[in-house]
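These notes are about the structure you will find just below.
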Amino acid sequence: MNHEKLKRLTAPLCTIVSCTAETGSTNTDARALLAQFPDADTILLTADRQTGGRGRQGKSFLSPEGGLYMTLVMKTGAPLESVVNVTSCAAVAAARALAEQGISCGIKWVNDLYLNGAKLAGILVESVNDYETMRSEAVIIGIGVNVARSIFPDEIHAVSLEEAGYSADPEKLCADIVRELLNIRGNGFDFARYADEYRQRSIVLGKDVYFLKNGETISGTAEAINERGGLLVRTGDTLCTLDSGEITLRLTNQQRSR
């Protein structure tokens, strides 16, 4: 990542911009920078490689060289309930930024972007909360995009932009994602404003899915996504609403889920 080019593309959007060749986790670094500069409105960090990348639910996020690994910290001061759907909104933001470079990708509920049936990007959102006021002081949004060709384990079933035949400008892609994320903040993290686009980009609606509930694996058909980002799954005569968690999507052999 070219630091000077990224600073130029993100000015005046970001208060602090930091680029590094390698780090453990940009989200972890971002939290530390926020503690160091508590008055900074927006902090952007990028790395060419992460050795301890993190995904949702404590999972590791493989981050080999050749990807765009970025974290944007945005001060909010918003009620906790208003930032619940930041992850879903961020998926739309990243998809829009990719579309700016002619790359059309789908969204696998809740936080993954898919291209040609394989995982292209993942999102991890964390919130710095004040439970006395029940407000979110800041949101920390980590996004990893597979840009250049890399070797991934078969079980991950990932794809890079280069492998898919796309040539992306990583600095512009990062700046476009930042711009879209700041627009989301400006709209109060209101998922209802993005719900239709999220549904249009969804790769799970109408598909068979599996999820864990109370330690039991349950299968059903994903029928809808509600105005709060919840996934409605039909299991027999019951319609379950998943507000969080992970699903496994049954695709064809050529389009397997991670």
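Below, the figures for the structure above:
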{"quantity": "Protection-proxy order for peptides 164-170, 35-41, each taking the mean of Cβ atoms within 10 Å per residue, highest first", "calculated": "164-170, 35-41"}
{"quantity": "Where Rh is the Kirkwood radius over Cα pairs, Rg/Rh for the chain", "calculated": "0.95"}
{"quantity": "Rounded to 5, percent antiparallel among DSSP beta bridges of the range 1-137", "calculated": "70"}
{"quantity": "Straight-distance crosslink candidates among lysines, where the alpha carbon sits under 25 Å from residue 5 and sequence neighbours closer than 8 are dropped", "calculated": "75, 172"}
{"quantity": "Cα-projected label distance for residue 99 with residue 199, points at 7 Å along beta-carbon direction, nm", "calculated": "1.6"}
{"quantity": "Beta bridges per DSSP with both ends in the range 111-225, % antiparallel, nearest 5", "calculated": "95"}
{"quantity": "Relative contact order [Cα under 8 Å, 6+ residues apart], the range 95-140, whole percent", "calculated": "20"}
{"quantity": "For the range 1-151, diffusion coefficient by Stokes-Einstein and Kirkwood Rh (Cα), 37 °C, 0.692 mPa s, µm²/s", "calculated": "207"}
{"quantity": "Over the chain: helical MRE at 222 nm, DSSP H runs n ≥ 4 each giving -39500 (n - 2.57), nearest 500", "calculated": "-7000 deg cm²/dmol"}
{"quantity": "Counting all C-alpha pairs of the range 1-51, share separated by more than 12 Å (%)", "calculated": "62"}
{"quantity": "The chain - share of DSSP beta bridges that are antiparallel (%, nearest 5)", "calculated": "85"}
{"quantity": "Peptide ranges 224-232, 130-138 listed from the most packed, as the mean C-beta count within 10 angstrom indicates", "calculated": "224-232, 130-138"}
{"quantity": "P(r), alpha carbons of the range 78-144 - 5 Å bins starting at zero, rounded %", "calculated": "4, 18, 25, 19, 13, 10, 7, 3, 1, 0"}
{"quantity": "Fully extended contour minus Cα-Cα distance, from residue 167 to residue 137, at 0.36 nm per residue", "calculated": "7.1 nm"}
{"quantity": "Inter-centroid distance (Cα atoms) of the range 1-29 relative to the range 208-248, Å", "calculated": "37"}
{"quantity": "Three-way shape label, the range 112-239, alpha-carbon gyration tensor, a/c 1.5", "calculated": "oblate"}
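We did not get these values from a lab; they are worked out from the coordinates using the rules stated. Predicted model only: the values in this text are computed from it and were never measured. Neighbour counts are summed over all protein chains in view; Cβ atoms, including those assigned to glycine, are modelled from backbone coordinates with ideal geometry.
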